[in-house]
Amino acid sequence: MMVIGCLSLIILPLLGFVIGGYYGGVAIGIWAALAGLGLAILACVVPIVALIKARPSR
């Protein structure tokens with residue numbers, strides 16, 4: 001699972017840039033890459049927050 005999280009930080013922005021660049025040009029590609037990066041960061045943060053909340057209280 002950790003490999004998927006690390007690779008998503010690289011793969012999703014690149015895919016966003018390629019797909020956005022193909023359909024809308026460079027400016028849209030940059031925005032799509034930022035959206036892909038945001039999704040990748042969100043996919044990394046959500047499990048961390050879930051683990052913190054699942055930790056037994058002291």
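With respect to the conditions (1) modelled with pLDDT under 90; (2) open to solvent by 70 Å² or more (accessible area, probe 1.4 Å), Ala43 falls short on a single one, namely (2).
For the stretch 12-26, how many residues meet the condition of being open to solvent by 80 Å² or more (accessible area, probe 1.4 Å) and touching a residue at least 12 places away in the same chain (Cβ under 8 Å)? Going through the stretch 12-26 one residue at a time, the tally reaches 4. Screening Gly36, Gly29, Gly5 for residues that are surrounded by 11 or more Cβ atoms within 10 Å (Cβ to Cβ), among the small types (Gly, Ala, Ser) and modelled with pLDDT under 90 leaves exactly one candidate, Gly5. Residues in the stretch 23-39 that are touching a helix residue (DSSP H, G or I) at 6+ places or on another chain (Cβ under 8 Å) and of a type in the set (Phe, Trp, Tyr): Trp31 alone.
The values are calculated or read from the model by the stated rules, or taken from the named source; none is laboratory data. Owing to the predicted nature of the structure, the values given are computational and were not obtained by experimental measurement. Cβ coordinates were reconstructed from backbone atoms using ideal geometry, including for glycine residues, and neighbour counts include every protein chain displayed. We work out accessible area using only protein heavy atoms, side chains counted, and drop any ligands, DNA or RNA first. Shrake-Rupley method; radii C 1.70, N 1.55, O 1.52, S 1.80 Å.
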